[in-house]
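Here is the structure we will look at.
The values are calculated or read from the model by the stated rules, or taken from the named source; none is laboratory data. Source: prediction; values computed, not measured. Heads up, the Cβs are rebuilt from the backbone with ideal geometry, glycines too, and the neighbour counts pull from every protein chain shown. Note: accessible area is taken over every heavy atom of the protein model, side chains too, but ligands, DNA and RNA are not part of it. Shrake-Rupley method; radii C 1.70, N 1.55, O 1.52, S 1.80 Å.
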Amino acid sequence: MKGLKLVRVLCRFYVAGMLTAFFSMGLRAQSTVFNLGSITVEAESGETSQGQGGGNTTVISRKSIKTHKVVDLSEVIADELVEASMVRKSGYGNEVGLRGFTKSNLRFTSDGTLVEGSCGSRKDPPLSHINMISVGEMQINEGPFDVAVPGALGGSVNVKTKDPQKGFHGETQLKYGSFDFMSLGGFLTGGNDIIQGLFGYNFSRSGQYKDGSGNPLTSFNQSYTEAGKAKDAFSKHDFWGKINFDMSDKQRLTVTSSYGAGKDILSPRTGMDIKQEKTFMNKIEYAHSNLGSMSELLSLSAYYNRIEHYPYGEYRSGVVNTRRIEALSGITGAKVENKTMTSFAGLTCGIDFYYRSWDGKLFSRETGEVMNPNLFPDVGEVDFGGYIKADRDIGLLSITAGLRGDMFKSKAGGSLIDSLSITQTNEVTEIFPGGNIFLKYYALENITLFGGAGVSTRTPTAVERYTQQGSTFYGNPDLKSARNHEADLGLEVTPLKRIKIKGKGFYSYITDYIYQTTVPAKTWTNIDVYIAGGDFTVAVEPVKGLTLNGAVSCQTGRKIDTLSDNNDKDLAEIPPLKSRVDISWNRNDLSLSVEWTHSESDTSIDSPAGERRLDGWDVFNLKIGYRFTEEKNFFSFMKGTALNLGINNVFNKTYAVSNSYEYDPTDVGGNNVSVVNEPGRFIYGSLTYSF
């Protein structure tokens, strides 16, 4: 215990000391900027790569995204990154994890605006509200190394939507696959030097998939009625648009808006399904470049994102059959950011604000009577934050550093009758600082060392603090915010021109980690924990166009504190060792890929918290794609068309990738959620036409 406390103190002093040293230096800055653990999924350019200069940036082209069968961004991230995991919830709306951090321990944004679902049991995780065909770029930041994002304890994911183009362009895409899966959509974009617009639409649906043993989706929860067992898995409509107004060479106004509507989404992991779900996301941004000597780029933005979520028990047996929930969540936010280059450093300064309202009521599905008006009791959350980031090069050393401060307040407007056994408090105000520093040293032409340390904070969610499900299940208003003290270290080597090797590791000491407990009832508490791990990748290109990639990732998580109802030291939600090997060929518009993914058995589990042992698994996937681009091609009339075919889980294995930790607020007793197996053999194809 004393040793771990010492690590925490040393981490804080390291960050503070390095930041002080950095900001006290007066050498001229250069323009190199990098973020630890940043992965960028780009829209138009490039094949998969490991970034430039030995950094932590992986670039995945939009062409690669199109080869995936899914409409769920969490599956793309889990497939592409060996250090990423996925919590399977249904055919759609799954959760992503990064290096042992998942759910609210990660922060999700779209075009820089905060995105949060409104379901207490997270049947609608943030990424489920963003349609994959609208993605222009996806940035995944691992660790506490982005001070511009509030509340990112273990990392953040930012999805940037497509930008409009001049002229007239468009794209249509049709995907079809096993289990009656279908997705059809596209967009049109065009404009002139003054105004450019983009408008798109996508429809997707799927029947229930079956696992490798032939078990349908509804079989993973025994509460389904016969009518429920006959339902499709989901259907969803998405609309989005973006308009740029170029008022001058230096000024731009951008308006972005999207709307999504899901219907009859089966969610066997939890106690209720989703009758309907609506997503409204709106943003306006003004940017002015070269405003003066102290401003190379000034941006002002405001946004409003709203989620309407309507779970119901119509296709479940028992008392839940007579119930439904209305959960509404809205986030209003704004940001002012200024970037400038000084003789001291490249500086980015910003202030941001958001207010989140969140309310949930339980109704009788048959009579419409309000049965619990305070299930999620009209919670309001407000955060005021400010940050400064600086970057500079000093010879072969690149340095990035940042500081952030937040004032956060949450208050429940409804009654907290069930939480009275803990406290009568329904209002909390907190002030917390954070910061990081990251160093990158080009030791030799082919060797790069990198590492850093940071401190970040995430506040308890409204579910964890204020849920009022009954006398045996409720939130804990006295929860403290979790603090991550993390150190990272890595090395990238290119021993030969066509060989690249990279390894990185991390250690996170987290104070007041938010964890579930049964004392004094089913609720949440704070404990100190640590998560540590790393990943190792090798990329070899023996001949041009042929690439061999190997990767392995492993994390471990342990409780430092002992719970009165749980003496298991294993931390929940820590994925087992995962490795991947793939061989790909990409030449002359033809691409082929064979992939093998392996997972060890999930044996380091927190059984008292509800987790169970999961067997290890090996899965093989195949992909083939062709782009018709050459005029001289026999099929010249198909120029602009791309065809992709694939088989996931070639040998039809039965396996599960996620465990069963976490209480379910949509279940009458707040029981732990169910384990849902992955789909069996899935054959799919997509046809895309661009002009």
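Annotations
- Spatially, segment 184-217 and segment 288-344 are offset by 21 Å when compared through their Cα centroids.
- Each of Val594, Gly475, Ser579 was scored by the projection of its Cα onto the charge dipole of segment 467-626, and the greatest displacement toward the positive side belongs to Val594; charges sit on the C-beta of Lys, Arg, Asp and Glu.
- Cross-link partners for Lys504 among the aspartates and glutamates, with Cα-Cα distance under 16 Å and sequence neighbours closer than 8 places in the same chain left out: Glu83, Glu142, Glu486, Asp488, Glu492, Asp535.
- For the chain, the fraction of 1.4 Å probe accessible surface lying on carbon and sulfur atoms is 58 percent.
- Furthest towards positive pole of dipole, Met86, Phe203, Thr641, structure part the chain, Cβ charges: Thr641
- Amide hydrogen proximity for Arg316: with H placed 1.01 Å from N in the peptide plane, the residues at 5 or more positions away or on another chain lying under 5 Å are Thr225.
- Segment 424-466 and segment 524-559: distance between their alpha carbon centers, rounded to Å: 19
- Signed unit charges on C-beta, dipole axis of segment 214-328, positive-most listed residue Thr218, Tyr310, Ala327: Thr218
- Shape of segment 94-205, Cα gyration tensor, a/c cut at 1.5: oblate
- Amide H contacts under 5 Å for Lys89, placed H, 5+ residues apart: Glu95
- Derived value for segment 184-279: Kirkwood hydrodynamic radius 16.3 Å. Basis is the mean of 1/r over every pair of different alpha-carbon atoms.
- Take every DSSP beta bridge whose two residues both sit in the chain; close to 95 percent of them are antiparallel.
- Residue-averaged 222 nm ellipticity for the chain, from DSSP H runs of 4+ at -39500 (n - 2.57), nearest 500: -2000 deg cm²/dmol
- Pairs beyond 30 Å (Cα-Cα), from Lys278/Lys480; Lys103/Lys229; Lys236/Lys389; Lys361/Lys480; Lys123/Lys569; Lys231/Lys653: Lys278/Lys480; Lys236/Lys389
- Excluding exposed DSSP-loop trypsin sites (Lys or Arg not before Pro) (at most 11 other C-beta within 10 Å), longest clean stretch of the chain: 1-496
- When Val76, Val540 are compared by accessible surface with a 1.4 Å probe, the order from highest to lowest is Val540, Val76.
- Cross-link table Lys263/Lys335; Lys283/Lys339; Lys175/Lys210; Lys89/Lys162; Lys89/Lys409, entries beyond 26 Å C-alpha to C-alpha: Lys263/Lys335; Lys89/Lys162; Lys89/Lys409
- Charge dipole (debye, nearest 20) of segment 220-362; +1 at Cβ of Lys and Arg, -1 at Cβ of Asp and Glu: 340
- By DSSP, the beta bridges lying fully in segment 93-172 are antiparallel in about 75 percent of cases.
- Label-zone membership for segment 488-506, site Tyr441, 7 angstrom Cα→C-beta point, backbone N under 20 Å: 488-495, 501-506
- Segment 382-541 - charge dipole about Cα centre, Lys and Arg +1 at Cβ, Asp and Glu -1, debye rounded to 20: 280
- Which of Thr218, Thr425 is most accessible, then next, and so on - probe 1.4 Å: Thr425, Thr218
- In segment 295-369, GluC sites (Glu not before Pro) in a DSSP loop with at most 12 other beta-carbon atoms within 10 Å: Glu366, Glu369
- The residues of the chain have, on average, 40 Å² of accessible surface per residue, using a 1.4 Å probe with all protein chains present.
- Taken about its Cα centre, the chain carries a charge dipole of about 720 debye when Lys and Arg each add +1 at the Cβ and Asp and Glu each add -1 at the Cβ.
- Residues Ala230 and Met182, FRET efficiency given R0 of 22 Å [Cβ-Cβ distance, rounded to 0.05]: 0.75
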